[in-house]
Every structure is written in C-alpha cells, then in structure tokens.
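Colleague: Dropping a structure here in structure tokens format, bear with me for questions.
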Amino acid sequence: MAVREILIYPDPMLKTVCPPAEPGPDTDVVVQDLIDTMVAAGHSVGVAAPQIGVPTRVVVVDVSRSKLGKDNNHGLLTMINPEILQREGNKVMREGCMSVPEYTGNVTRAESIVVQFLDRDGRERVINAGGFEAVAIQHEIDHLDGLLFLDRVTSLKTDIFRRKR
Ligand code: ZN
C-alpha cells in the first residue's frame, strides 16, 4: 500500500507497450498502489501501471466522484489485461492526464464501449461503459500501449491547451 510518484512526459516508460499481467500477489500490490495513488491525487479518475513505473497491463478507473461521471458509472474498476471488444459512436472531450500536468487536449473517442478484463480476484468481467467512464477507460488502456492523449489529438496547434495556474 503506497502512494507512488507519477512519471511525467517524456519519461520513456510512458511510451512502453506493456505485456499482460499475471493475476496474483504481485499484481495485487500494483492494483493497491494504483488505487492509493489515484485517491491521493484527489481529482484523478484513473491511473495506469506504467504511470507509476510498472510496465504491466493494469489500470484503475473511478469516475463516480467526478461531475461528469457521477450519474453513469461502475464505481471503482480494477482492470487487469483490459481489452475493448466493441466501440460505438464518437465523442470529443477535453482530457487531462497526471503524466502531462501542464496541458489538456481535445480528443475524439468512442462514445460507448464493451470492455473485457479480469477483476482484482482474477474473475473475467465484461461491462458496457458509456459517457465519461468510457472515455476514462479508453484513456487508461491507451497508457498500456504507450499512448498519451497527446498522440490522439488531431492537431498539436489547435487541440492542445496550456493549463491555467
Ligand atoms: Zn493519463
């Protein structure tokens, strides 16, 4: 159980394509550290293992306390080896990332998704996610493939915004 330091772009770990995780005690430590780190950050709605320096396919997502996600969510999701099985629709949203603290960006993603993963107990789950939760899940899964929202914007000139301090 530990709050971990978040790696910041352009750390090479953030460009890593992560190998699958093995459910078990080692992965459970990663899961707990991700949850602790997300909760400690306060405004965070998700963290991926490579962001804390662990190249493995594990993410946590929880949009239930966010303004945009509070009405439509599955609570705290622990996703081991998540895979998107279906995508529907398109939606542009302004995204931020703890690994890119200075900027936000407009990103187009699927409006709803069907995603399969193993939960913390190693059980296979398939859920239907929509709205902000779907966006957050897609953002976190991108991290497992070495992709940041910066890689998803249409134009680095018009779709990236510097955060006001
Ligand atoms: Zn991120």
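No lab work stands behind these numbers, since they all come straight from the coordinates. Note that the coordinates shown come from a computational prediction; the quantities given were computed from them, not determined experimentally. Virtual Cβ from ideal backbone geometry, glycine too; neighbours counted across all protein chains shown.
Colleague: Multiply the residue gap between V17 and L76 by 0.36 nm, knock off their C-alpha separation, and tell me the result in nm, one decimal place.
Modeller: Stretched out fully, the V17 to L76 stretch lengthens by 18.8 nm.
Colleague: With each label point set 7 Å from Cα along the Cα-Cβ vector, what nm distance links K164 and D28?
Modeller: Going from the K164 label point to the D28 one covers 4.6 nm.
Colleague: Right, next: Quickly estimate the mean residue ellipticity at 222 nm for the chain, helices only: each DSSP H run with n ≥ 4 gives -39500 (n - 2.57), and the total goes over all residues, rounded to 500.
Modeller: -6000 deg cm²/dmol
Colleague: Moving on. Which of rounded, prolate, oblate describes segment 1-95, given a ≥ b ≥ c as roots of the alpha-carbon gyration tensor eigenvalues and a/c under 1.5 marking rounded, otherwise prolate only if a/b is larger than b/c?
Modeller: Rounded shape, in that the Cα axes give a/c under 1.5.
Colleague: Right, here's the next one. Taking neighbour Cβ counts within 10 Å as the exposure measure, how do L77, L7 sort from fewest upward?
Modeller: The order, fewest Cβ neighbours first, is L7, L77.
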